[in-house]
Amino acid sequence: MEIIILPTPDHVACYGADLCEALIRAKPTAVLGLATGSTPLALYNELIKRYQQQRLSFSQIITFNLDEYVGISANHHQSYHYYMKTRLFDFIDINPANTHIPCGDVENVYHAAICYEQQIQNKGGIDLQLLGIGRNGHIGFNEPTSSLNSITRVKALTRATQADNQRFFDAIEQQPTHAITMGIKTILQAKQLLLLATGVNKARAVKAMIEGPVCAMCPASCLQLHQYATIVLDQQAASELTMRDYYQFAKQASDTFSTQYVDLGQ
Ligand code: F6R
């Protein structure tokens, strides 16, 4: 795991956008895994800005979102379909036919989940998966105790996640209790993982993810098993890390070495 600790949430967003930009430049047909929630919003704004500056084109990019609520329609203002359309897709040159989000308002959501997993495989898998982290350590909607070997499926949301989301819904009866989510195995199969976390309310989950044991009680700890996982944190989200100084030292050292490597290659 590469742990990057930056001063502010804006720095986190720019760093994340740099990694996305590097991938899109190297592979204009890349498959991007996307997340929703408050954390990636600044990154999406940065990508929109770079598109408007004609630095980036998404015309051949394929996307797969991590998850969607069960039981609310795509045009509901709290659906992840609506979120992606109004926060990113409407502002870039992506082909809507190349964007994928699980369908949570179909008759058979279990079947929809299986088909979604298949669609990801059919496109050759995900090149870079963007992730946020829940206060309880979830990634996607893989709540604590999710199987580390899980694939896309229907998951019940914990009370803690429902409470975190309550503010977005007008009435309690409208609030979803289940979601379709990529599984932990699905996420680990992505070639590169990029998890962003900002704010002090993520500090405990971040510590468990990076410095705790790999365990189902902290689904994000599975990132320890991935060969190319980059975790980008602001100072607050990193505030409970025991080995914080080491991560900063390791990053500076790797920057130096990569410069030397480039120089040696000339
Ligand atoms: C969203 C998702 C969730 C969020 C997590 C953090 O697609 O899969 O795992 O990333 O709940 O949400 P925020 O960023 O709102 O704190």
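The single condition from (1) within 15 Å of the chain's Cα centre (by Cα); (2) open to solvent by 10 Å² or more (accessible area, probe 1.4 Å) that Lys49 fails is (1). Would you confirm, using the coordinates I've provided, whether Asn65 is within 16 Å of the ligand (Cβ to nearest atom) and open to solvent by 40 Å² or more (accessible area, probe 1.4 Å)? Here the answer is no, as Asn65 does not meet what is asked. The residue pairs whose first member lies in segment 27-55 and is part of a helix (DSSP H, G or I), whose second member is open to solvent by 10 Å² or more (accessible area, probe 1.4 Å) and among the charged types (D, E, K, R), and whose beta carbons are closer than 6 Å, counting only pairs six or more residues apart or on different chains, are Tyr44/Arg87. Note on segment 75-105: residues that are within 13 Å of the ligand (Cβ to nearest atom) and not in a helix (DSSP H, G or I) amount to 6. Of everything in segment 137-162 that is of a type in the set (A, V, I, L, M, F, W, C) and modelled with pLDDT of 95 or more, the residue that is surrounded by the most Cβ atoms within 10 Å (Cβ to Cβ) is Ile139.
Residues of segment 114-136 that are buried (at least 24 other Cβ atoms within 10 Å of the Cβ) and touching a strand residue (DSSP E or B) at 6+ places or on another chain (Cβ under 6 Å): Ile126, Gln129, Leu130, Leu131, Ile133. In the set (1) within 15 Å of Glu2 (Cα to Cα); (2) among the hydrophobic types (A, V, I, L, M, F, W, C); (3) open to solvent by 40 Å² or more (accessible area, probe 1.4 Å), the condition left unmet by Ile172 is number (1). Among the residues making up segment 68-92, those that are open to solvent by 50 Å² or more (accessible area, probe 1.4 Å) and in contact (Cβ under 8 Å) with a residue 40 or more places away in the chain are Gly71, Arg87, Phe91.
Among the residues of segment 16-39, those that are within 16 Å of the ligand (Cβ to nearest atom) and in contact with a strand residue (DSSP E or B) (Cβ under 6 Å, 6 or more places away or on another chain) comprise Gly16, Leu32, Gly33, Leu34, Ala35, Thr39.
The values are calculated or read from the model by the stated rules, or taken from the named source; none is laboratory data. Model, not experiment: these values are computed from the prediction. Virtual Cβ from ideal backbone geometry, glycine too; neighbours counted across all protein chains shown. Remember, those area values only see protein heavy atoms, side chains included, never the ligands or the DNA or RNA. Shrake-Rupley method; radii C 1.70, N 1.55, O 1.52, S 1.80 Å.
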